[in-house]
Amino acid sequence: MREVGLSITAKDIACAETAAGPNGLVVFGASGDLVRRKLLISLFRIYKRGLLGEQFYLLGAGRKKLLSRQFRQNTQRAIQESSGDISIKELESFVSRLYYISGDYSDLSFYDSIRAKAAELDKKHKAGGGVIFYLAVPPFLYSTIVERLGSTGLSCRDEPDSRRRVRLVVEKPFGRDLQSAVELNNKIHQCFDESQVYRIDHYLGKDTVQNILMFRFANAIFEPIWNRNYIDHIQVTIAESMGVEHRGGYYDTAGALRDIFQNHMLQMLALVAMEPPTSFEADHIRDEKVKLLRSIRPFKLDEPDKFIVRGQYGPGLTNGAGAVREPPLLGYRAEPGVNPQSKTETFVAAKLFIDNWRWKDVPFYLRTGKRLAKKNTEIAITFKKVPHSMFIPAGLGDMPPNILVLQIQPEEGIFLSFQAKQPGSKICMSTLNMNFNYRSVFGGDMPEAYQRLLLDCMSGDQTLFARQDGVEVAWQLVTPILRAWEGDDSNPYEYPTGAESFPEADCLIESDGRKWRQLSKIADLNK
Ligand code: BG6
């Protein structure tokens, strides 16, 4: 495969960036991993870019006993470890806006203390009365905290003016199945209005995921061919080379279907397959996504392995980068925190159909897994082959189809493969790959998804957050699968660490005469 490059012809055709404005952020679970690894570092980066403003404070709330001074020191260390290029002055100015308060989440007096402290900080930092409650706690605590925020009046559910300035951010997982998601939504709605709720799916904060909308709807040439008449099939892949790392305890209660498929995977599918929204407004986009998710045909579960296959990684000698590991890497069941007889899936492959005019009979093949051959997230759109080859006399009968790849990560870009004549007197064709790579065109690193999500939440833009009906419709699709697996005594298929795939997952697509894109080959495209 040969490659041709790409350059920008007009920079910044349209640019819009909203600053956060005055705000207070109350983070529950502030001493936890997520806050240290993602949230605070992202906030600092926004602050550095001048988008957070000076009228800002963060009040960390947690069970762990910590002084504000210790919280600041921990944060400073975590930010310094994340990047070498940091101005101490900026960092000190940022951490001077951080505070910490400890207490018991179920104790109402904790919320009184939070109210008093937030009021004091609001005055001190001139934050304008706006406050965002961020739930970075384990999901079993969501209801308790939401209920207490409601019963102590902190949610301002019934005060239209304050309601606009009080928001709730909820991390995933949002429920474990349809019923628990509906219950959680009901609980939240007793205390908060939907317009106050920001459900995070960090994939929606990735630039390459947002670019799906720009690519489809800011260009006129793709939409006419974006349908069953031109597209043969679509593959969506979220492959990880890492295992469950230190999250075995959580992961064993979740599995790939809950952890990735129900949220990140279906969100990407919705963006690539939905109808054009009327405008770039939050609810117009979310309406179309929900409509698309509702059109997905329910899985036929009476034909095992025909539409959905689950796998679990076993031990292996290679990691995703192909390097030989001695001793071998642990299989999933031997990971810390995982039940040694666990039936939890670390891989899911599925075939689904969307019952609408645009996509009737076009298969969508979806796969996600841990400890696979390469980390790679992409959406590959395979077009139909030419209807008739005029090159048969030259021995060029079966030509490969054009494939358009929206490469989400780790090498962000877009590739289009097509056939072209090689120079010379012979009739010789090559498959070329037209390649747009974000980093080489725009330079620098891609921003962390949380930066965008935090900024949007602080400026009151819900576009990139999942809405109640969107979450529920996704659970509606996957809950029957969860139930079927729970009632099934068989184990997931085992695949070795570092595998490309395994026979049952291959069969799901190969029985239709198609093939999974090879993970190791995909990476070569980016070089
Ligand atoms: C998280 C999942 O939502 O997404 C993890 O809980 C997974 O299991 C992660 O590893 C993948 O995110 P990213 O941004 O690295 O693709």
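Got at least one residue in region 198-212 being out of contact with any helix residue (DSSP H, G or I) (no Cβ under 8 Å at 6 or more places or on another chain) and either outside any loop (DSSP other than H, G, I, E, B) or within 30 Å of residue 383 (Cα to Cα) (or both)?
From region 198-212, those out of contact with any helix residue (DSSP H, G or I) (no Cβ under 8 Å at 6 or more places or on another chain) are 211; that's our starting set.
Subsequent filtering for residues that are either outside any loop (DSSP other than H, G, I, E, B) or within 30 Å of residue 383 (Cα to Cα) (or both) retains 211.
Looking through region 198-212, at least one residue is out of contact with any helix residue (DSSP H, G or I) (no Cβ under 8 Å at 6 or more places or on another chain) and either outside any loop (DSSP other than H, G, I, E, B) or within 30 Å of residue 383 (Cα to Cα) (or both).
Name the residues in region 402-461 that are in a strand (DSSP E or B) and loosely packed, with under 14 Cβ neighbours inside 10 Å, would you? Outline the logic, then answer.
At the first step, the residues of region 402-461 found to be in a strand (DSSP E or B) are 403-409, 413-421, 429-437.
Correct list: 420, 421, 430.
Taking the listed residues 154, 149, the one that is crowded, with 19+ Cβ neighbours inside 10 Å, more than 16 Å from the ligand (Cβ to nearest atom) and in a loop (DSSP other than H, G, I, E, B) is 154, with no other qualifying. Scanning for something within 29 Å of the chain's Cα centre (by Cα) and surrounded by fewer than 21 Cβ atoms within 10 Å (Cβ to Cβ), does region 98-119 turn up at least one residue? Scanning region 98-119, I find at least one residue that is within 29 Å of the chain's Cα centre (by Cα) and surrounded by fewer than 21 Cβ atoms within 10 Å (Cβ to Cβ), so the answer is yes. Mind listing just one residue for me: the one in region 245-275 that is modelled with pLDDT under 95 and within 10 Å of the ligand (Cβ to nearest atom) and, of those, surrounded by the fewest Cβ atoms within 10 Å (Cβ to Cβ)? Per the stated criteria, the residue is 245.
Residue 387: within 30 Å of residue 416 (Cα to Cα), not in a strand (DSSP E or B) and not basic (Lys, Arg), yes or no? It is true that residue 387 is within 30 Å of residue 416 (Cα to Cα), not in a strand (DSSP E or B) and not basic (Lys, Arg). Out of the residues in region 224-243 that are assigned to a loop (DSSP other than H, G, I, E, B) and either more than 23 Å from residue 501 (Cβ to Cβ) or in contact with a Pro (Cβ under 9 Å, 6 or more places away or on another chain) (or both), state the one that is farthest from the ligand (Cβ to nearest atom). Ranking the qualifying residues of region 224-243, first place goes to 229.
For region 415-428, the condition of being under 27 Å from residue 273 (Cα atoms) and touching a residue at least 60 places away in the same chain (Cβ under 8 Å) holds for at least one residue. Of all residues in region 171-197, those that are under 23 Å from residue 29 (Cα atoms) and of a type in the set (Lys, Arg) have Cβ atoms under 7 Å from Cβ atoms of residues that are more than 16 Å from the ligand (Cβ to nearest atom) and open to solvent by 30 Å² or more (accessible area, probe 1.4 Å), 6 or more apart or on another chain, in 187/143; 187/147.
Is region 406-422 home to any residue that is out of contact with any Ser or Thr (no Cβ under 9 Å at 6 or more places or on another chain), polar (S, T, N, Q) and modelled with pLDDT of 85 or more? Among the residues of region 406-422, not one is out of contact with any Ser or Thr (no Cβ under 9 Å at 6 or more places or on another chain), polar (S, T, N, Q) and modelled with pLDDT of 85 or more, which makes the answer no. Scanning region 262-273 for residues that are over 10 Å from the mean Cα position of the chain (by Cα) and hydrophobic (A, V, I, L, M, F, W, C) yields 269, 270, 271, 272, 273. Among the criteria (1) without any contact (Cβ under 8 Å) to a residue 60 or more places away in the chain; (2) touching a Leu at 6+ places or on another chain (Cβ under 8 Å), the one residue 36 does not fulfil is (2).
Residue count for region 160-197, restricted to those that are under 21 Å from the mean Cα position of the chain (by Cα), away from the ligand (no atom under 16 Å from the Cβ) and in a strand (DSSP E or B): 2. Residues that are in contact with a strand residue (DSSP E or B) (Cβ under 8 Å, 6 or more places away or on another chain) and of a type in the set (Lys, Arg) within region 138-192 comprise 165, 167, 172, listed in sequence order. Summed over region 22-45, residues that are under 19 Å from residue 129 (Cα atoms) and not aliphatic (A, V, I, L, M) total 4.
Evaluate the following for residue 137: is it within 16 Å of the ligand (Cβ to nearest atom), open to solvent by less than 50 Å² (accessible area, probe 1.4 Å) and farther than 26 Å from residue 289 by Cα? Criteria met by residue 137.
Of everything listed in (1) at pLDDT below 95; (2) open to solvent by less than 40 Å² (accessible area, probe 1.4 Å), the single unmet condition for residue 300 is (2). Restricted to strands (runs of 3 or more DSSP E) entirely inside region 1-85, those with at least 2 residues that are modelled with pLDDT under 90 and open to solvent by 60 Å² or more (accessible area, probe 1.4 Å) are 2-4.
For region 448-466, state whether one or more residues are more than 19 Å from residue 199 (Cα to Cα) and of a type outside the set (Gly, Ala, Ser).
There is no residue in region 448-466 that is more than 19 Å from residue 199 (Cα to Cα) and of a type outside the set (Gly, Ala, Ser).
Would you check if there is a residue in region 276-294 being surrounded by 22 or more Cβ atoms within 10 Å (Cβ to Cβ), within 15 Å of the ligand (Cβ to nearest atom) and at pLDDT 95 or above? Looking through region 276-294, none of the residues is surrounded by 22 or more Cβ atoms within 10 Å (Cβ to Cβ), within 15 Å of the ligand (Cβ to nearest atom) and at pLDDT 95 or above.
Name the single residue, out of those in region 354-366 being open to solvent by less than 10 Å² (accessible area, probe 1.4 Å) and not hydrophobic (A, V, I, L, M, F, W, C), that is nearest to the ligand (Cβ to nearest atom).
Residues of region 354-366 open to solvent by less than 10 Å² (accessible area, probe 1.4 Å): 354, 359, 362-366.
Filter once more, so that each one left must be not hydrophobic (A, V, I, L, M, F, W, C): 363, 365.
On the way: 363: 24, 365: 19 Å.
Filtering first and then ranking leaves 365.
The values are calculated or read from the model by the stated rules, or taken from the named source; none is laboratory data. Owing to the predicted nature of the structure, the values given are computational and were not obtained by experimental measurement. Don't worry about glycine lacking a Cβ; one is built from the backbone with ideal geometry, like all the others, and counts go over all protein chains shown. Note: accessible area is taken over every heavy atom of the protein model, side chains too, but ligands, DNA and RNA are not part of it. Shrake-Rupley method; radii C 1.70, N 1.55, O 1.52, S 1.80 Å.
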